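Read-outs throughout are calculated quantities, based only on the coordinates presented, and are distinct from any laboratory measurement. Only a predicted model underlies this, so the values are computations on that prediction, with no experimental measurement involved. Note that each Cβ is placed from the backbone with ideal geometry, even for glycine, and that neighbours are counted across all protein chains shown.
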Amino acid sequence: MYRAAGVLAWLAGLGFGLPGVYGLWYFTEHDTVWTFMDFPTYGDGPFEDIGISTSVPLLAGFVAVCAAELVIGVLLWAGTPRAWWLSLVLLPAELFYWIGFALPIGLLLGLARAAVVIAARTTARADPSRP
């Protein structure tokens with residue numbers, strides 16, 4: 001089950017991280033938010049509604065969280081002890097960005113990963129012979 005959680009982490013990390021890197025580059029070059037299919041990728045969402053404008057530090061933080069997601073995916077796949085815990089610790093930072101940038105797929109992937117990790121952890125605690 002930890003491997004399934006690792007795959008979910010990779011999907012979110014790559015699925016948002018690669019466009020995030022491009023979005024960061026685009027913002028630094030053009031001083032405006034990149035649009036994809038007439039949708040502003042990292043702007044005009046809840047962050048803007050509460051007064052947080054898209055900026056290089058905001059986008060760089062998002063890319064860093066996506067990179068951490070990829071690392072956690074590797075750790076989960078490898079069955080590294082405490083990877084499940086790191087996965088849950090990263091979730092609030094991910095939620096901050098997914099909600100702030102209005103990225104509902106990220107929210108779904110993150111919650112699914114958390115559910116799988118919790119289920120795997122519960123199973124492992126019930127059966128001490130499992131890691």
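Out of everything in the range 96-110 that is among the hydrophobic types (A, V, I, L, M, F, W, C) and loosely packed, with under 15 Cβ neighbours inside 10 Å, what residue ends up being nearest to Gly15 (Cα to Cα)?
So the first thing to find is which residues in the range 96-110 are among the hydrophobic types (A, V, I, L, M, F, W, C), and the list is 96, 98-99, 101-103, 105, 107-109.
Narrowing further to those that are loosely packed, with under 15 Cβ neighbours inside 10 Å: 96, 105, 108.
Numbers: Phe96: 17, Ile105: 10, Leu108: 13 Å.
Checked the range 96-110; the qualifying residue nearest to Gly15 (Cα to Cα) is Ile105.
For a quick check of your reading of the model, give me the residue pairs whose first member lies in the range 4-21 and is within 13 Å of Val65 (Cβ to Cβ), whose second is among the hydroxyl-bearing types (Ser, Thr, Tyr) and surrounded by 17 or more Cβ atoms within 10 Å (Cβ to Cβ), with beta-carbon atoms closer than 7 Å and at least 6 apart or on different chains.
Between residues of the range 4-21 that are within 13 Å of Val65 (Cβ to Cβ) and residues that are among the hydroxyl-bearing types (Ser, Thr, Tyr) and surrounded by 17 or more Cβ atoms within 10 Å (Cβ to Cβ), the close pairs are Ala9/Ser87.
Considering only the range 112-121, state which residues are free of Cβ contacts under 8 Å to residues at least 60 places away in the same chain and either surrounded by 15 or more Cβ atoms within 10 Å (Cβ to Cβ) or touching a Leu at 6+ places or on another chain (Cβ under 6 Å) (or both).
So in the range 112-121, the residues free of Cβ contacts under 8 Å to residues at least 60 places away in the same chain come out as 114-115, 118, 121.
Of everything in the range 112-121, those that are free of Cβ contacts under 8 Å to residues at least 60 places away in the same chain and either surrounded by 15 or more Cβ atoms within 10 Å (Cβ to Cβ) or touching a Leu at 6+ places or on another chain (Cβ under 6 Å) (or both) turn out to be Ala114, Ile118, Arg121.
Considering every residue within the range 47-54, establish whether at least one is charged (D, E, K, R) and loosely packed, with under 14 Cβ neighbours inside 10 Å. Quick ask: steps written out before the conclusion?
First, the residues of the range 47-54 that are charged (D, E, K, R): 48-49.
Of the ones still in play, those that are also loosely packed, with under 14 Cβ neighbours inside 10 Å are 49.
Yes; the residues of the range 47-54 include at least one that is charged (D, E, K, R) and loosely packed, with under 14 Cβ neighbours inside 10 Å.
Taking the range 25-56, which residues are hydrophobic (A, V, I, L, M, F, W, C) and out of contact with any Phe, Trp or Tyr (no Cβ under 8 Å at 6 or more places or on another chain)? Explain how you work it out, then say what you get.
Within the range 25-56, the first condition is being hydrophobic (A, V, I, L, M, F, W, C), and the residues that meet it are 25, 27, 33-34, 36-37, 39, 47, 50, 52, 56.
Result: Trp25, Phe36, Met37, Phe39, Ile50, Ile52.
Going through Trp84, Trp77 one at a time, which residue ends up being touching a Leu at 6+ places or on another chain (Cβ under 8 Å) and in contact (Cβ under 8 Å) with a residue 40 or more places away in the chain? Let's see the steps before the verdict.
Values: Trp77 fails: touching a Leu at 6+ places or on another chain (Cβ under 8 Å).
Among Trp84, Trp77, only Trp84 is touching a Leu at 6+ places or on another chain (Cβ under 8 Å) and in contact (Cβ under 8 Å) with a residue 40 or more places away in the chain.
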